[in-house]
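The values are calculated or read from the model by the stated rules, or taken from the named source; none is laboratory data. Model, not experiment: these values are computed from the prediction. Here the Cβ positions follow ideal geometry from the backbone for every residue, glycine too, while neighbour counts run over all protein chains shown. The accessibility values were calculated without ligands, DNA or RNA, using every heavy atom of the protein model including side chains. Shrake-Rupley method; radii C 1.70, N 1.55, O 1.52, S 1.80 Å.
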There are 2 protein chains.
Amino acid sequence: MTASVGFIGLGIMGRPMAANLLAAGHELTVFNRSPGPMRALEEQGARPAQSAEEAAASADVVITMLPDSPQVTEVVAGPGGVLEGARSGALLIDMSTISPVAAVELWERARGAGCELLDAPVSGGDVGAREGTLSIMVGGEADAVRRARPLFDVLGQTIVHVGGPGAGQVVKACNQMVVALNIGAVGEALVLASKAGVDPALVLDALGGGLAANRVMEVKRDNFLEREFTPGFKVDLHCKDLGIAQAAARDYGASLPLTATVTELMQALRLSGRGDQDHSALLTVLEGLSGVQA
Amino acid sequence: MTASVGFIGLGIMGRPMAANLLAAGHELTVFNRSPGPMRALEEQGARPAQSAEEAAASADVVITMLPDSPQVTEVVAGPGGVLEGARSGALLIDMSTISPVAAVELWERARGAGCELLDAPVSGGDVGAREGTLSIMVGGEADAVRRARPLFDVLGQTIVHVGGPGAGQVVKACNQMVVALNIGAVGEALVLASKAGVDPALVLDALGGGLAANRVMEVKRDNFLEREFTPGFKVDLHCKDLGIAQAAARDYGASLPLTATVTELMQALRLSGRGDQDHSALLTVLEGLSGVQA
């Protein structure tokens, strides 16, 4: 069954996701602040809209894929936004990575306007978005999740309904904490090994055989060994996501000492002017602390 | 080809390793400070010795599996030790987890006595020791590694020659850092999720599908979810290993901020009287910081 979908936010993630939905036969109305990406999708059969309100007006489902909480709140609940255009009973799916508290507030405002809303942030990056293999962490009500399922199946591979409103964003924050700490852990191991004169490639080989094994070590192996930090996932975005995790920790009352430390290290990388590099470049900050010359 | 092996240190790791070498047809002379474990291996065909010196006297290869640097240094280089008994040309393999600097010193002393020495610490725990599936991180000279290979093949599965003398211990320290940080990362994620009311099992399901995936999350899943902390790998031992990593960092000149933080947390767990629990109990320290009631 195909749906009429409004898709708002055609960046590095949103554009290939929208293209996959079009290719699967869904009817798409798209909106983006700058018009360039809309034209490309128009050629693939999407209808361009002049505003978020217009993109929502004829849609059964409205998907948002935007940078952060303020943009999503503005586009969904602001003037000329989704809730002004959406039909009663429409399903809103926010796939951006935003604050869980903001996600719960939006769910309440959507409900007040007679709409359903899911928070459904993703991991897997632009490659996962293009290939339709994203991991999707879904927070919201079971009925709404069932309704969204055919669209999620086009966009992703691992789809887990993790709880009620906001839960998807909580789990995404957890995900970004664990990824950052894995990069930091592997980075410190490689710094110690290099100071002791041990070949980093052999360290990764040996650690991959036991309890220390992790996906970061596999996926970012060449980044670490070749010192090649083309993104991938940008440091700026990881800093933003760690900021969300720390804000969530304050909101829900959690003390996260390791996350605090790795956030400072990731911030130091950003402040050194390398915010547009891949997050595996955290290695270079750790090397700097130990006086390792790149 | 079978070898005449002296095996010293029949603890939770050494005893099943010695039994596997016996089962593979090697001729074993065993020594342990307390005689109980020697009697059990005697029934399986090992010859008991009265001292480390005696265990080494007729051996082509002498394996040590002891708690820490002081014990290994004493048993290998002390009075009545291996180097007093060993034949010229004997191969010493220390499979204990000790300081890399101590390992290099022992290699020099062995060489001075006309022997070869490898540092070959393992990971995989008592289960890996029993099943012969240990990961072995080997430091030393290529000729000695070739000579040891048939014995390593009996004891382990992933055998990586990571560099010269001491390199095996450096990589083992790296391994223990990454494992501790993974436990800490997953622990902080579970604390945030639980404070936000999200089911920890679903967090692990969702994170396992992406870049956050790690072996700790799989292997320790039931420990985290069932709050079952029977070792496994004891907190006391992980504290000892993190102490080795920190000492190595000072010796080789590395600054390891994340390792420092997780070491303090693991120490706090030990100081709370839970040194004999599994290291996944680090979760309970993180819960305590956030006021989570177990």
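Brief remarks on what is shown
- Inter-site label distance for B:Ala24 and A:Arg111 at 7 Å from Cα along Cβ, in nm: 6.3
- Amide H contacts of B:Leu92 (H built 1.01 Å from N, under 5 Å, at least 5 apart or other chain): B:Val62, B:Glu116, B:Leu117, B:Leu118
- With its label point put 7 Å out from Cα toward Cβ, B:Asp143 sits 7.9 nm from the same residue's point in the other copies, in order from shortest.
- Once the 1.4 Å probe is applied to the protein heavy atoms, the stretch B:170-290 comes out at 32 Å² accessible per residue.
- Expressed as a whole percent, the accessible area of the protein assembly as shown that falls on carbon and sulfur atoms is 49 (1.4 Å probe).
- Exam field: B:Arg47 pseudo-label spacings to other copies (7 Å along Cα-Cβ), nanometres: 9.1
- For the stretch A:81-224, a crude dipole built from +1 on the beta carbon of Lys and Arg and -1 on the beta carbon of Asp and Glu, taken about the Cα centre, is about 100 debye to the nearest 20.
- Label distances, nm, B:Glu218 versus same residue in remaining copies, Cβ-directed 7 Å point: 0.7
- Å² per residue, accessible surface of the stretch B:4-165 at 1.4 Å: 39
- Label point at A:Leu289 placed 7 Å out along Cα→Cβ; residues across the stretch A:174-207 whose backbone nitrogen lies under 14 Å: A:181-193
- The charge dipole of chain B, taken about its Cα centre with unit charges on the Cβ atoms of Lys, Arg (+1), Asp and Glu (-1) only, comes to about 100 debye.
- Residue pairs exceeding 22 angstrom between C-alpha atoms, taken from A:Lys220/B:Lys234; A:Lys172/A:Lys220; A:Lys172/A:Lys234: A:Lys220/B:Lys234.
- Scalar couplings 3J(HN,Hα) for the stretch A:277-290, obtained by applying the Karplus form with A = 6.51, B = -1.76, C = 1.60 to θ = phi - 60°, are 8, 5, 4, 5, 5, 3, 3, 5, 5, 5, 4, x, 4, 9 Hz; x denotes Gly and Pro.
- B:Arg33-A:Arg250 FRET efficiency (beta carbon distance; Förster radius 56 Å; 0.05 resolution): 0.60
- Computed from the alpha carbon atoms alone, the convex hull of the protein assembly as shown holds 154 Å³ per residue.
- Averaged over the residues of B:200-206, the number of partner chain Cβ atoms lying within 10 Å of the residue Cβ comes to 6.
- The modelled label-to-label distance for the pair B:Glu264/B:Ile12, using points 7 Å beyond Cα in the direction of Cβ, is 2.8 nm.
- Once the Cα atoms are used to define both axes, helix B:100-112 deviates from the longest principal axis of chain B by about 10 degrees.
- Calculated [θ] (222 nm, deg cm²/dmol) that DSSP helices of n ≥ 4 give over chain A, each run adding -39,500 (n - 2.57): -16000 deg cm²/dmol
- These residues, A:Arg33, B:Arg274, go from largest to smallest accessible area, 1.4 Å probe, as A:Arg33, B:Arg274.
- For B:Leu271 and B:Arg47, the difference between the fully extended length at 0.36 nm per residue and the C-alpha to C-alpha distance is 76.6 nm.
- The stretch A:104-150-the stretch B:160-220 distance, computed between alpha-carbon centres (Å): 27
- The two copies A and B are related by a rotation, and the chain A beta carbon nearest its axis, with distance in whole angstrom, is A:Asn214, 2.
- The mean number of partner chain beta-carbon atoms within 10 angstrom of a residue's beta-carbon across peptide B:258-269 is 3.
- The three principal axes of the Cα atoms in chain B give end-to-end lengths of 64, 44, 34 Å, sorted in falling order.
- For residues of B:212-225, the mean tally of beta carbons on other chains within 10 Å: 4
- Surface accessible to a 1.4 Å probe, A:His161 within the full protein complex, Å²: 70
- Solvent-accessible surface ranking, highest first, for A:Thr2, B:Thr158 at 1.4 angstrom: A:Thr2, B:Thr158
- Taking Cα atoms only, the orientation of helix B:167-195 departs from the longest principal axis of chain B by about 20 degrees.
- Size of the A/B contact, given as accessible area buried on both chains, probe 1.4 Å, in Å²: 5000
- Across every direction, the projection of the convex hull enclosing the Cα atoms of the stretch B:170-290 has a mean area of 7.4 nm².
- Spacing of the modelled spin labels on A:Ala142 and B:Arg146, each 7 Å from Cα toward Cβ, amounts to 6.6 nm.
- Couplings 3J(HN,Hα) for the stretch B:209-222, derived from phi with the Karplus relation 6.51 cos²θ - 1.76 cosθ + 1.60 (θ = phi - 60°), are x, x, 5, 7, 4, 7, 5, 4, 4, 7, 5, 9, 3, 5 Hz, where x marks Gly and Pro.
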